[in-house]
Every structure is written in C-alpha cells, then in structure tokens.
Amino acid sequence: MRIVFIGTVEFSKKTLEKLIDMQAEIVGVCTKEQSSFNSDFADLTPTCQENKIPFAFVEDINAKDTIEWITDLNPDVIFCFGWSSLIKKELLHLAPLGVIGYHPAKLPQNRGRHPLIWALVLGLKESASTFFFMTEGVDDGDILSQKNFEILDKDDAQSLYTKVVDIAISQIEEFVSELQNGTYKRVPQNHNEANVWRKRGKKDGEIDFRMSSRAIYNLIRALSKPYIGAHLLYKGKEIIFHKSQIVETNLYNIESGKVLESNHEYIVVKTYDGVIKLFNDEFTELPKVGAYL
C-alpha cells in the first residue's frame with residue numbers, strides 16, 4: 001500500500017517514525033521547511049533523508065505543482081497528520097482510499113481548532129484520539145479509528161500531547177493493516193451531535209483575576225509548553241505563565257486581583273472565588289503585596 005504522508009509538527013514526526021518502523025511503504029512526504037504558525041513545528045527532512053524517502057516543501061497543499069508531485073507518486077492512500085490548512089476536493093479524491101486525517105477529540109463532538117487546548121481550558125475529563133476519512137467539511141468525515149482517553153487534573157499541554165501521541169501510535173498499528181487488506185470499517189458521524197470549536201486569539205490567553213481559580217488554572221495548563229503560555233499585562237509588559245497551583249483559602253472578602261504574596265519564584269493572587277499561585281521568574285519589577293493586577 002503506497003502512502004503519501006503530509007505533516008509538519010511533532011505529532012507528524014512521531015507518527016511518520018512509527019510508519020517507518022512498521023516498514024510501511026511511504027512513497028513521499030509533503031512538509032514545511034519552517035513554520036511560525038505551529039509552536040510544535042518539527043523538521044521531518046532528516047527522517048526522510050535517513051530513510052531515503054522523497055519529500056517536498058509545500059506552502060499550499062492544494063497548489064497545482066503539489067498535486068502533480070503527489071499524483072506522480074501514485075499513492076493508494078494519503079495520511080494527513082498535522083497540517084493546519086484545509087485540503088480541497090482534487091487532493092481528497094486523488095488516492096483510491098482517500099485522505100486519512102487526525103483530530104484529538106471525540107468526534108463528532110469538538111470539531112475545529114485547537115482541540116487539546118480547548119479540552120484543557122474547558123476542564124473536560126475525557127476526550128478521544130480519532131482518525132477519519134477527510135472531506136471538504138471540518139472534521140466531519142467517516143471515522144476509521146477512535147480511542148477514548150482520560151484527562152487528569154494534573155495533565156497539562158505537554159502531558160496530554162504525549163498521551164495523544166502514544167494512543168495514536170497504537171491505533172496506527174491496528175488500522176494500517178486493515179486498510180491494506182480491506183478489512184477496515186467506516187463509521188459515519190452523527191452530525192446532530194456535532195459542535196465546532198473556534199480559532200483562539202491572543203485575548204483568549206489573557207489571565208483575568210475575575211475568573212475563578214479553576215478557570216485560571218485550566219487556562220495556564222492548556223497553554224503551557226509546547227504552547228506559548230498564558231499571560232497577564234503588568235505595567236505594559238506581558239508576563240508569561242506556564243504553571244500555577246490552586247491554593248486553599250478562607251479569604252472571601254478580598255477583591256479579585258489583589259496580590260497576597262510576591263517573590264522571584266511566584267506570586268499569589270486573589271481570584272473571583274479563591275486564591276491562585278502563579279509561578280514565574282520573568283518579573284523585572286515584582287508587583288508589591290497589596291497591589292492589584
């Protein structure tokens with residue numbers, strides 16, 4: 001089974017390496033030379049060069065020259081694992097088995113953008129790792145493989161990313177042979193159960209102490225490394241946070257945003273419903289105890 005692989009992030013690299021370990025017939029890789037858009041960008045070219053796999057740097061996956069390059073490779077199936085732009089009709093129908101995409105959410109729920117970030121921000125306790133047949137819609141194609149996973153309170157972006165990679169690799173082990181011998185199943189999605197998560201903007205990552213302690217904790221862990229971190233504005237400067245801790249307290253008659261402790265390792269701040277400790281060493285000027293953020 002001839003496979004063309006499309007991807008440009010760390011997840012792409014891990015799944016490509018898995019396919020190589022399985023001795024899958026990868027006839028070409030479409031990737032990017034660099035990306036300012038993907039914080040988890042990964043260079044796939046060393047892996048391709050080491051394994052003598054042809055590769056092409058692509059900006060527009062639907063461009064005529066890209067379509068021609070892929071067509072010449074005569075793929076049976078295309079795997080698109082970690083690509084941020086939509087694939088259009090011509091490419092979707094190029095290979096006999098179509099294009100297999102990936103979305104770390106429990107489809108048909110939670111289609112759309114930033115699924116791992118939104119899952120943590122919203123405090124979900126469960127999600128899923130889903131491979132599906134891509135269409136011109138948004139994550140709405142038939143499901144090929146889906147496995148649920150638990151989201152723990154201690155999970156952050158990195159631990160959840162690692163969890164998702166491990167589960168996805170186990171799924172690949174199962175469905176590649178099913179695609180090859182024709183024993184795979186397509187499970188249509190119930191579109192009546194679907195919702196679509198929107199693209200997040202910079203404002204979505206800003207800490208507001210009128211939020212609850214839990215909401216701030218979820219925001220910070222959702223945007224922790226490999227992502228950009230949550231931030232607050234202090235004296236015109238963005239201060240980034242990747243870690244926080246909810247502090248038990250009986251202080252309920254203090255206004256949101258008041259600084260209760262302040263040192264070069266962390267600050268402790270009153271929230272809407274409690275207290276939170278924010279870890280950071282970026283302050284050039286520490287906020288004073290009693291100040292408001």
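For the chain, what is the convex hull (Cα atoms) projected area averaged across all directions, in square nanometres? Mind showing how you got there, number by number?
Working: hull surface 67.6 nm².
Mean shadow area of the hull around the Cα atoms is 16.9 nm².
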So who's got an amide H within less than 5 Å of the one on PHE55, skipping anything under 5 residues away but keeping other chains? H placed 1.01 Å off N, in plane.
VAL29
If amide H atoms are modeled at 1.01 Å from N in the peptide plane, then the residues at a separation of 5 or more from SER262, or on another chain, having amide H under 5 Å from its own are VAL268
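So for region 109-161, averaging the separation of alpha carbon pairs under 8 Å that are six or more residues apart and normalising by length, what relative contact order in percent results? Spell out each step's value before the answer.
Values: 56 pairs, mean separation 19.5, N = 53.
With pairs under 8 Å counted, the relative contact order is 37 percent.
Indicate, rounded to the nearest 5 percent, the antiparallel portion of the DSSP beta bridges found entirely in region 1-68. Present the calculation step by step, with values, prior to reporting the outcome.
Values: 1 of 9 bridges.
If we restrict to bridges inside region 1-68, about 10 percent are antiparallel.
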Could you estimate the translational diffusion coefficient of region 115-223 from the Stokes-Einstein equation, with Rh from the Kirkwood formula over C-alpha pairs, at 20 °C and 1.002 mPa s, in whole µm²/s?
135 µm²/s
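I need the peptides 23-32, 204-213 ranked by packing, meaning the mean over residues of other C-beta atoms within 10 angstrom, with the highest value on top.
For the peptides 23-32, 204-213, the packing ranking is 23-32, 204-213.
Stretched out fully, how many nm does the piece from TYR252 to ASN62 gain, at 0.36 nm a residue minus the Cα gap?
Extra length available between TYR252 and ASN62 comes to 62.8 nm.
Sum -39500 (n - 2.57) across every DSSP H segment of at least 4 residues in the chain, then divide by the residue count to get the 222 nm mean residue ellipticity, nearest 500.
-7500 deg cm²/dmol
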Once amide H atoms are placed 1.01 Å from N in the peptide plane, what residues at a sequence separation of 5 or more from ALA105, or on another chain, have their amide H within under 5 Å of its amide H?
ALA128, THR130
Can you list the HN-Hα couplings for region 288-293, worked out from phi with the Karplus curve (6.51, -1.76, 1.60; θ = phi - 60°), rounded to whole Hz and with x for Gly and Pro?
7, 4, x, 6, 10, 10
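So for the chain: antiparallel DSSP bridges make up what percent, rounded to the nearest 5? Walk me through the numbers before you get to the answer.
Details: 32 of 50 bridges.
Looking only at bridges with both residues in the chain, the antiparallel portion is about 65 percent.
Restrict the search to region 35-96; then list the trypsin sites (Lys or Arg not before Pro) that DSSP places in a loop and that have at most 15 other Cβ atoms within 10 Å of their Cβ. Walk me through the intermediate numbers first.
Numbers: sites: LYS52, LYS64, LYS88, LYS89; in loops: LYS52, LYS88.
For trypsin sites (Lys or Arg not before Pro) across region 35-96 that sit outside H, G, I, E and B with at most 15 neighbouring Cβ atoms in 10 Å, the list reads LYS52, LYS88.
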So which GluC sites (Glu not before Pro) in region 75-178 are both in a DSSP loop and have at most 15 other Cβ atoms within 10 Å of their Cβ?
GLU136
Can you run phi through the Karplus equation (6.51, -1.76, 1.60; θ = phi - 60°) for region 12-22 and list ³J(HN,Hα) in whole Hz, with x for Gly and Pro?
4, 4, 5, 6, 4, 4, 5, 4, 5, 4, 7
How many angstrom lie between the Cα centre of region 235-289 and the Cα centre of region 71-103?
47 Å
Derived scalar couplings ³J(HN,Hα) [region 208-215; Karplus, 6.51 cos²θ - 1.76 cosθ + 1.60; whole Hz; x for Gly, Pro]
10, 6, 7, 6, 6, 4, 5, 5
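We did not get these values from a lab; they are worked out from the coordinates using the rules stated. Keep in mind that this is a model prediction, so the values were computed, not measured. Cβ atoms come from the backbone with ideal geometry, glycine included; neighbour counts cover every protein chain shown.
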